[in-house]
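Accompanying notes for the structure given below.
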Amino acid sequence: MPGKATPRYDAGSPGAVLGLRQNLAQFMLLVAVNALVGGTLGQERTVLPLLASQAFHLDLYTRALTYILAFGLSKAAMNYFAGTLSDRYGRKPVLVAGWLAAVPVPLMLIFGPSWGWIVAANVLLGISQGLTWSTAVIMKMDLVGSRQRGLAMGFNEAAGYLGVAVTALATGYLATAYGLRPAPFLLGAAYIALGLGLTVLAVRETHHHARTEASQHAGAHGSAHAGLTTGQVFTLTSFKDRSLSAASQAGLVNNLNDGLAWGLFPVLFAGAGLSLGEIGILAAAYPAAWGAAQLVTGAASDLWGRKWFITAGMLVQAVALGITASAHGFGAWLAAAVVLGLGTAMVYPTLLAAVGDVTHPAWRARSVGVYRLWRDGGFAVGALLSGVLADLYGIPAAIAAVAVLTAASGVVVAVRMRGNDHAAG
């Protein structure tokens, strides 16, 4: 709750040893869990934009993208509460709650008789993703400590977005063979059952690792001490701290263009006459490149710093969006999707690691939640902005406008973010 101070961590918990090697089994289990979290999201990437136009006959992009708006708002809110709840009640209960929220989603997508059901399913999906993905991030940060934070975030985000990619590709083929409903969403149901089972039976609590790190922590900056209230954490992360606020705006713009790619790219490709299988490949190529490259970019930012990886990644994304807006044909769009994924990979784990660098372990979970509130709010902003622009000026113009905005965000990072925070831990 705003204004409530965090508990003080005066001593570590006995037996809580930090480090990737020391916690490898639990770390890799959480990587697998996050791959399933990503797969639960990936069930929609190819199919849902086409379901809007072909099954529900939505002719306005703004209306068709309401499911992304609903997803973005609910996920952003749950990201914020995930950090607060995991500090108060522990990480594992929040992770379990996230999986439980996802249980009705495939059934609503399969049997929903109106578009309102699809939007409602995405409210639940956003709640689930906010709780599960945020908590998986926090738990990995807890386990590894400060020295390999970028590597840990690279593994986390790689697993999640490779899960998105594989599922987007699989659902494209399932839709081609069996139709848009129900087959693609049965895959999502299987992921949810497996993820919930693994979490309940095998995942262990990591909050005591954060307490151990807090007892050994030296703050990166004077304002980042242990005793901040939740309101102070929100203000510091959103506006006051140069690095945290730069990361928050870049995260928002990054997911703004991801929301554009999710909602409008399949419609653009279908309008050009591409088959469902080709659309599935394009929908998978972007998160596949994004996911795989994060195994390198996260670890590299541990060595070379966060700031210029983030700046360059935003500019690469802007170039890829510009190519998508101006290109025609499967080959050019495939190349642009790969470049967009590589640019996103430079940004995504590095932003999370940058937040972890500056924050105190006593309130890191809440700061990560605030950052992810802003970041996933980008889905909602992207759905509104790209939908309105596409209705007024067409899809290519909407993509070009977001490309300019993405480049401007990279410039903000270059000007505002400190350059040496990665060494603070």
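The values are calculated or read from the model by the stated rules, or taken from the named source; none is laboratory data. Here the structure is a predicted model, which means the values were calculated and not measured. Positions of Cβ are backbone-derived with ideal geometry, glycine not excepted, and every protein chain shown enters the neighbour counts. The accessibility values were calculated without ligands, DNA or RNA, using every heavy atom of the protein model including side chains. Shrake-Rupley method; radii C 1.70, N 1.55, O 1.52, S 1.80 Å.
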I need a count of the residues in the stretch 330-344 that are touching a Leu at 6+ places or on another chain (Cβ under 9 Å) and either touching a residue at least 24 places away in the same chain (Cβ under 8 Å) or not in a helix (DSSP H, G or I) (or both).
6
Answer yes or no: is there a residue in the stretch 68-84 that is at positive phi and open to solvent by less than 20 Å² (accessible area, probe 1.4 Å).
no
Can you tell which of 410, 378, 356 is in a helix (DSSP H, G or I) and within 30 Å of residue 208 (Cβ to Cβ)?
356
Evaluate the following for residue 106: is it in contact with a Phe, Trp or Tyr (Cβ under 7 Å, 6 or more places away or on another chain), modelled with pLDDT of 95 or more, assigned to a helix (DSSP H, G or I) and of a type outside the set (A, V, I, L, M)?
yes
If you go through 143, 95, 100, the only one that is under 25 Å from residue 28 (Cα atoms), in a helix (DSSP H, G or I), open to solvent by less than 10 Å² (accessible area, probe 1.4 Å) and out of contact with any Phe, Trp or Tyr (no Cβ under 9 Å at 6 or more places or on another chain) is 95
Criterion: part of a helix (DSSP H, G or I), open to solvent by 10 Å² or more (accessible area, probe 1.4 Å), in contact with a Pro (Cβ under 6 Å, 6 or more places away or on another chain) and among the aliphatic types (A, V, I, L, M) - qualifying residue of 189, 175, 170
189
Tabulated pairs, the stretch 170-183, first closer than 15 Å to residue 55 by Cα, second among the charged types (D, E, K, R), C-beta under 9 angstrom, 6+ apart or interchain:
175/181
What do you reckon, is residue 134 under 12 Å from the mean Cα position of the chain (by Cα) and assigned to a helix (DSSP H, G or I)?
yes
Being under 16 Å from the mean Cα position of the chain (by Cα), under 18 Å from residue 159 (Cβ atoms) and either in contact (Cβ under 8 Å) with a residue 24 or more places away in the chain or surrounded by fewer than 21 Cβ atoms within 10 Å (Cβ to Cβ) (or both) is the requirement here; does residue 285 meet it?
no
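For every residue, the table says whether it meets (1) at pLDDT 95 or above; (2) buried (at least 20 other Cβ atoms within 10 Å of the Cβ); (3) within 20 Å of residue 86 (Cβ to Cβ); (4) not aromatic (Phe, Trp, Tyr).
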site: 310; (1), (2), (3), (4): yes, yes, no, yes
site: 317; (1), (2), (3), (4): yes, yes, no, yes
site: 336; (1), (2), (3), (4): yes, yes, no, yes
site: 348; (1), (2), (3), (4): no, yes, no, no
site: 356; (1), (2), (3), (4): no, yes, yes, yes
site: 365; (1), (2), (3), (4): no, yes, yes, yes
site: 380; (1), (2), (3), (4): no, yes, no, yes
Can you find, within the stretch 382-394, the residue that is modelled with the lowest pLDDT among those that are open to solvent by 10 Å² or more (accessible area, probe 1.4 Å) and in a helix (DSSP H, G or I)?
384
Going through the stretch 122-157 one residue at a time, which ones are modelled with pLDDT under 90 and within 18 Å of residue 262 (Cα to Cα)?
157
Here is a check on your reading of the model: is residue 45 modelled with pLDDT under 90, within 24 Å of residue 270 (Cβ to Cβ) and open to solvent by less than 40 Å² (accessible area, probe 1.4 Å)?
yes
Report every pair of residues separated by at least 6 positions or lying on different chains whose Cβ atoms are under 9 Å apart, first residue within the stretch 94-118 and more than 21 Å from residue 46 (Cβ to Cβ) and free of Cβ contacts under 8 Å to residues at least 24 places away in the same chain, second of a type outside the set (Ser, Thr, Tyr) and assigned to a helix (DSSP H, G or I).
104/121; 104/124
